[in-house]
Amino acid sequence: MTDGTRRAPRMRVMTEGATVTPLELFFDLVFVYALTQVTALMAADLTWRGLGRGMLVLALLWWCWCCYAWLGNTVRADEGVVRVALFAVMATMFVVAVTIPEAFVDLPGGLSGPVVFAACYLVVRVLHLVIYWHAARGDAGLRRQLLRAALPMLGGATLLFTAALLPQQLSADPQRVGSIRTLLWVLALAIDYGGIMAIGARGWQIFSAAHWTERHGLIIIVALGESLVAIGVGVTALPISWPIIVASAFGIAVAASLWWAYFDVVAIAAERVLHRARGAERAALGRDSYTYLHLPMVAGIILLALGFKKVLAYVGDDSHHRLTDPLHGLGLLALYGGVILYLLGHVGFRLRNMGSVNWPRVAAAGLLVVLVPVADQLPALAALGLLALVCAGMVTAEVVLFGEARRALRDAFLDEHGAGAPPGR
């Protein structure tokens with residue numbers, strides 16, 4: 001490096017305090033579409049198989065996104081060759097998103113959907129390693145990590161291609177081929193996720209704690225946005241009615257509670273913990289708390305979006321459902337289970353960051369588990385209202401129980417970021 005700001009020709013290194021670039025926000029728009037595709041995939045096959053496949057696709061998309069979050073924390077995404085490369089990645093990821101409905105089952109005509117999906121995924125991962133390798137010039141430790149990371153990536157990609165080519169390789173019934181394909185996906189993701197954990201954190205670097213936490217906070221907002229989109233999509237072709245208005249209000253209340261749970265205190269406290277950490281400790285904290293433990297949060301929100309979509313179909317479409325019909329089965333489990341999974345992700349996140357347990361969230365998750373059989377007997381709209389009541393109650397309890405500490409943390413944060421003191425202080 002010729003100075004403290006450049007890592008390689010036409011690449012500018014990230015420094016402490018740097019924030020998310022506009023190009024990274026643009027990059028995330030592709031993932032907005034991809035998340036809507038995941039929700040649609042599960043809604044089209046509302047079975048355990050369909051839910052499992054949706055979660056597998058989400059885990060693969062999440063891993064791609066995380067790869068570029070790490071890259072964007074090393075060199076600026078909007079400078080030089082990285083900018084051009086990210087446009088190519090966006091185009092490829094968009095094709096990945098388009099082929100999500102065919103990721104497991106090829107539709108008649110055209111190209112093989114599973115093969116196109118696997119090929120584009122491999123291109124996205126290889127481009128990441130190539131750009132990262134170039135950005136890591138002069139950093140032997142980081143380059144060693146990239147070489148190690150290439151092994152599980154190639155192993156996982158090989159299994160995905162094997163799964164994509166199964167119909168040409170096996171003369172068997174479609175259901176058996178589908179089961180084998182799903183199993184290969186599970187093995188591919190286990191190798192990729194487990195391989196990165198196995199190679200350790202030494203060598204990886206997080207250059208800006210502010211960028212890292214903001215980047216992941218924004219993807220939570222992207223996921224919450226998908227949950228709101230699901231509410232709107234669920235009633236697009238239906239005439240507006242009071243049940244739709246009430247259900248929409250309940251849905252917004254749930255989404256707002258999940259937003260509050262993340263951004264009111266947790267995001268601020270976690271950034272401070274990460275900012276104080278250094279070296280391999282910081283990299284391990286970023287990997288565990290964000291790369292791994294944010295996945296259940298995002299997955300929970302996507303399941304919630306699926307639940308929203310089903311509830312709105314129940315309360316708005318009186319040609320197929322009555323307003324008194326309960327939301328049985330996987331639709332209800334997605335609605336309540338999504339929030340439960342999100343809260344458990346938060347519990348793990350706090351435990352890894354602060355070494356303590358957030359008991360109100362544990363209690364809320366436990367209460368929702370208990371209430372699932374109750375909600376199963378209620379009309380769909382009432383089940384959604386009960387969920388909104390529990391979520392709002394959890395937020396209220398936290399504000400009351402931790403009021404003083406919460407105010408002190410938020411006041412310090414606002415002062416640090418130039419927002420000034422609140423009125424009356």
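The values are calculated or read from the model by the stated rules, or taken from the named source; none is laboratory data. From a predicted model like this one, the values you see are computed outputs, not experimental measurements. All Cβ positions, even for glycine, are placed from backbone atoms using ideal geometry, and neighbour counts span all protein chains on display. Accessible surface areas use protein heavy atoms only, side chains included; no ligands, DNA or RNA. Shrake-Rupley method; radii C 1.70, N 1.55, O 1.52, S 1.80 Å.
Remarks
- Each residue, ASP45 and SER241, gets one label point 7 Å from its Cα in the Cβ direction; the gap between the two is 3.2 nm.
- The stretch between ALA249 and GLU214, if pulled fully straight at 0.36 nm per residue, gains 9.8 nm over its current Cα-Cα span.
- Working ranking of peptides 175-181, 293-299 by packing, defined as the average number of other Cβ atoms within 10 Å per residue, highest first, is 293-299, 175-181.
- Relative contact order computed over the chain (Cα-Cα under 8 Å; 6+ residues apart), in percent: 16
- Looking at the chain, the accessible area is 42 square angstrom per residue; that uses a 1.4 Å probe and ignores ligands, DNA and RNA.
- Separation of alpha-carbon centers, segment 48-103 and segment 330-402, rounded to whole Å: 29
- In summary, the helical segments of the chain meeting the span-like criteria, namely a full DSSP H run, a Cα extent along the axis of 27 angstrom or more and a mean Kyte-Doolittle hydropathy of at least 1.6, are 80-98, 380-401.
- Taking THR47, THR74, THR182 and ordering them by how much accessible surface each has at a 1.4 Å probe, largest first, produces THR47, THR182, THR74.
- Label-point separation, SER356 to THR158 (7 Å along Cα→Cβ), nm: 4.8
- Using R0 = 35 Å, the C-beta based FRET efficiency linking PHE94 and LEU323 works out to 0.35.
- Answer label, with Rg and Dmax of the Cα atoms in Å calculated from the coordinates and candidates (i) 22.3, 75; (ii) 27.0, 89; (iii) 21.1, 67: (i)
- Relative contact order, percent, segment 1-128 [alpha-carbon distance under 8 Å, six or more residues apart]: 30
- Positive dipole terminus of the chain, leading residue within SER319, ALA334, ILE221 (C-beta point charges): ILE221
- Remark: relative contact order (segment 41-192) = 23 percent; criterion is Cα-Cα distance under 8 angstrom and separation of 6 or more residues.
- Computed over protein heavy atoms with a 1.4 Å probe, the carbon and sulfur contribution to the accessible area of the chain reaches 68%.
- Working note: 222 nm ellipticity from helices only, DSSP H runs with n ≥ 4, each -39,500 (n - 2.57), summed and divided by the residues of the chain, gives -25500 deg cm²/dmol to the nearest 500.
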